[in-house]
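This report concerns only the one structure given below.
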């Protein structure tokens, strides 16, 4: 027997896409409705693939709803699956557990839509397919225990699926909720683990398959690339294929532009335009939100650095010509073409500065000391800022290294222009 199912997670229906109000010209209306359109695309994917069922591995919602329309929208969509004979099996993640309305009895799920228990691990059987789905939702939003330890062992003769919202063994940028070990998941004897919580797609293992499908719709500039769900094909009680399918409506992207070949600032603008055209083509008809990163040692550095706002506006004007592209931010980190190795040997302030920067960048203990000092400052900052994409994460060594690179890129050419050049 062969059948398919779809595995999705972290849908965050009606989640506000962060930071839009800060940007003039942002397609805010289009982007605010992106999570709904992505969910509609997920329904269409299930129908087109003739899936036997849909798994939602937590965080269907995004905390408290502003009104009931979020829940009513969800019901209107999943009824399309029910009417087509496609079941839905879901668990509650940390964001679902935060919502008062998801706990309310006034929003009743239709038949065929199964919200698994939060009190204990629950098993749902699909006898016609020989499938056993094991899962458990979060009893509270800050669940820190390993929920997988409460799951039963595999049922003999069934295709066993584990549905779990977890940080696994920890992932950067994600709270450490319901941690677990891959070996612990394997010990259950299941054929497929449908995970949620981590927003980047990741396959932890293939025998058995342990999969984070990523979130359905990117919500800010750090959630880049195609977002969607996994389509899983099962044949004779074994996984035959696991395929990622993009269903996002708005896509976030980073365009890395190497300006080293540019002879002028106008050449840099042309290179960015080419990069944006390629990104728009790859995104098909989606609205594309792009962060442009211009870097490299280039002859255009002086012109760029002395009138960077002019060239930012020129880049935005080129993006507007593409209609579906919006430039969220432009970061220019070019540097002048100077012989750094020669300069480091000089017995003057420039040489001393370069040597100090290079030494600090490679000194893990010194970087750790700086990040500890910065933590005292960071702890005093508003929570809203720390959660924003604009936050300067000075407690991370990688951020301090980037700042050291900025010092070298921007300060050194100014010093040389000031008469220190030999």
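The values are calculated or read from the model by the stated rules, or taken from the named source; none is laboratory data. Computed from a predicted structure; not experimentally measured. All Cβ positions, glycine included, derive from the backbone under ideal geometry; neighbour counts span all protein chains shown.
When residue 238 is tested against (1) surrounded by 17 or more Cβ atoms within 10 Å (Cβ to Cβ); (2) under 19 Å from residue 51 (Cβ atoms), only condition (1) is not met. Evaluate segment 273-284: report whether one residue or more is crowded, with 17+ Cβ neighbours inside 10 Å, assigned by TED's automatic domain parsing to the domain that holds residue 130 and closer than 19 Å to residue 333 by Cβ. So far as segment 273-284 goes, no, none of its residues is crowded, with 17+ Cβ neighbours inside 10 Å, assigned by TED's automatic domain parsing to the domain that holds residue 130 and closer than 19 Å to residue 333 by Cβ.
Each row is one residue, and each column tells you yes or no for (1) under 18 Å from the mean Cα position of the chain (by Cα); (2) without any contact (Cβ under 8 Å) to a residue 60 or more places away in the chain.
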{"position": "199", "(1), (2)": "yes, no"}
{"position": "223", "(1), (2)": "yes, yes"}
{"position": "227", "(1), (2)": "yes, no"}
{"position": "251", "(1), (2)": "yes, yes"}
{"position": "274", "(1), (2)": "no, yes"}
{"position": "299", "(1), (2)": "no, yes"}
{"position": "303", "(1), (2)": "no, yes"}
{"position": "306", "(1), (2)": "no, yes"}
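Inspect segment 7-21 for any residue being touching a helix residue (DSSP H, G or I) at 6+ places or on another chain (Cβ under 7 Å), modelled with pLDDT under 95, crowded, with 24+ Cβ neighbours inside 10 Å and closer than 30 Å to residue 235 by Cβ and give the result as yes or no. Checked against the condition, which is being touching a helix residue (DSSP H, G or I) at 6+ places or on another chain (Cβ under 7 Å), modelled with pLDDT under 95, crowded, with 24+ Cβ neighbours inside 10 Å and closer than 30 Å to residue 235 by Cβ, segment 7-21 yields at least one hit. Entry remark, segment 219-248: residues being modelled with pLDDT under 95 and in contact with a helix residue (DSSP H, G or I) (Cβ under 9 Å, 6 or more places away or on another chain) number 1 in total. Of the residues examined, residue 289 is not one that is within 29 Å of residue 61 (Cα to Cα), crowded, with 16+ Cβ neighbours inside 10 Å and either assigned by TED's automatic domain parsing to the domain that holds residue 56 or in contact with a helix residue (DSSP H, G or I) (Cβ under 6 Å, 6 or more places away or on another chain) (or both).
Of the residues 189, 184, which single one is assigned to a loop (DSSP other than H, G, I, E, B), free of Cβ contacts under 8 Å to residues at least 40 places away in the same chain, in the same structural domain as residue 111 (by TED's automatic domain parsing) and surrounded by fewer than 16 Cβ atoms within 10 Å (Cβ to Cβ)? I'd like the intermediate steps shown before the answer.
On the way: 184 fails: assigned to a loop (DSSP other than H, G, I, E, B).
Going through 189, 184 in turn, the sole match is 189.
Residue 259 meets the conditions (1) under 19 Å from residue 291 (Cβ atoms); (2) assigned by TED's automatic domain parsing to the domain that holds residue 124; (3) touching a strand residue (DSSP E or B) at 6+ places or on another chain (Cβ under 7 Å) in every case but one. The failed one is (2). Taking the numbered list (1) in a loop (DSSP other than H, G, I, E, B); (2) within 30 Å of residue 161 (Cβ to Cβ) in turn, residue 263 passes all entries but (2). The set of residues from segment 141-172 being at pLDDT below 90 and in contact with a strand residue (DSSP E or B) (Cβ under 7 Å, 6 or more places away or on another chain) comprises just one member, 168. Restricting attention to segment 372-395, and to residues there that are touching a helix residue (DSSP H, G or I) at 6+ places or on another chain (Cβ under 6 Å) and at pLDDT 70 or above, which single residue is farthest from residue 289 (Cα to Cα)? Taking the candidates together, the pick is 395.
Is one or more of the residues making up segment 198-218 touching a helix residue (DSSP H, G or I) at 6+ places or on another chain (Cβ under 7 Å), in a loop (DSSP other than H, G, I, E, B) and surrounded by fewer than 24 Cβ atoms within 10 Å (Cβ to Cβ)? Within segment 198-218 (the criterion being touching a helix residue (DSSP H, G or I) at 6+ places or on another chain (Cβ under 7 Å), in a loop (DSSP other than H, G, I, E, B) and surrounded by fewer than 24 Cβ atoms within 10 Å (Cβ to Cβ)), the answer is yes, since at least one residue qualifies.
Entry remark, segment 249-260: residues being outside any strand (DSSP E or B) and in contact with a helix residue (DSSP H, G or I) (Cβ under 9 Å, 6 or more places away or on another chain) number 2 in total. Of the residues contained in segment 347-362, none is found to be surrounded by 18 or more Cβ atoms within 10 Å (Cβ to Cβ), on the phi < 0 side of the Ramachandran plot and modelled with pLDDT of 80 or more.
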